[in-house]
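As structure tokens, the structure follows; a few thoughts come after it.
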């Protein structure tokens, strides 16, 4: 079995509107959320064996607290092509993952992240899948299990929706 965790970057800072989108940092709320979600992931069944992360500033900043907690114990691949990637690009990256990895975390962006999550769900009527359909908010986490041996076999309609959580649901 393989577990895929999809996480959207935390809330970005829009106080400097001319700043180009790729270099947009997190705002204070986003920084708090990133730390909180890192703690949540570390004590959950979502703790990754490997990570794929967009190179956009807000994605890197979202992953940073988790990176610190993982303390170099898992491989991390930073991918420029994950910045605003559509599902086909994300699937290529996922399918290239080493099969020794059991739990993979991908830190990315909407709209591609929510489109990928909707496409992967084996049962679109599953309560978790229905929540995803309404969008993955900043800092949101969606988790799928695949009954496969190789990441090459991840495909649309084969993921069992396990979890959808929003930081505001967890942080109270």
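Some observations on this one:
- Subset of segment 94-116 that is touching a helix residue (DSSP H, G or I) at 6+ places or on another chain (Cβ under 8 Å) and part of a strand (DSSP E or B) - its residue that is nearest to residue 23 (Cα to Cα): 108
- Some residue of segment 70-93 being closer than 22 Å to residue 42 by Cβ, more than 14 Å from the chain's Cα centre (by Cα) and in a helix (DSSP H, G or I): yes
- If you check 42, 90 for being touching a strand residue (DSSP E or B) at 6+ places or on another chain (Cβ under 8 Å) and within 26 Å of residue 159 (Cα to Cα), only one passes: 90.
- Among (1) assigned to a helix (DSSP H, G or I); (2) at pLDDT 95 or above; (3) closer than 25 Å to residue 160 by Cβ - the single one residue 53 does not satisfy: (1)
- Of the residues making up segment 11-51, those that are in contact with a helix residue (DSSP H, G or I) (Cβ under 8 Å, 6 or more places away or on another chain) and closer than 19 Å to residue 81 by Cα are 22, 23, 24, 25, 51.
- Lone unmet requirement of (1) touching a strand residue (DSSP E or B) at 6+ places or on another chain (Cβ under 7 Å); (2) in contact (Cβ under 8 Å) with a residue 40 or more places away in the chain for residue 74: (2)
- Scanning segment 80-93 for residues that are closer than 11 Å to residue 53 by Cβ and in contact with a helix residue (DSSP H, G or I) (Cβ under 6 Å, 6 or more places away or on another chain) turns up nothing.
- Within segment 160-172, tally of residues that are within 15 Å of residue 113 (Cβ to Cβ) and either surrounded by fewer than 17 Cβ atoms within 10 Å (Cβ to Cβ) or modelled with pLDDT of 95 or more (or both): 1
- Any hit, segment 105-116, residues being surrounded by 13 or more Cβ atoms within 10 Å (Cβ to Cβ), closer than 13 Å to residue 158 by Cβ and either in contact (Cβ under 8 Å) with a residue 40 or more places away in the chain or within 15 Å of the chain's Cα centre (by Cα) (or both): yes
- Top-ranked residue of segment 117-128 - restricted to ones that are part of a helix (DSSP H, G or I) and more than 13 Å from the chain's Cα centre (by Cα), ranked as surrounded by the fewest Cβ atoms within 10 Å (Cβ to Cβ): 127
- Segment 129-152, subset in contact with a strand residue (DSSP E or B) (Cβ under 7 Å, 6 or more places away or on another chain) and over 25 Å from residue 32 (Cβ atoms), residue surrounded by the fewest Cβ atoms within 10 Å (Cβ to Cβ): 148
The values are calculated or read from the model by the stated rules, or taken from the named source; none is laboratory data. None of the values given here were measured: they were computed from a predicted structure. Because the Cβ atoms are built from the backbone with ideal geometry, glycine has one as well, and the counts that use them run over all protein chains shown.
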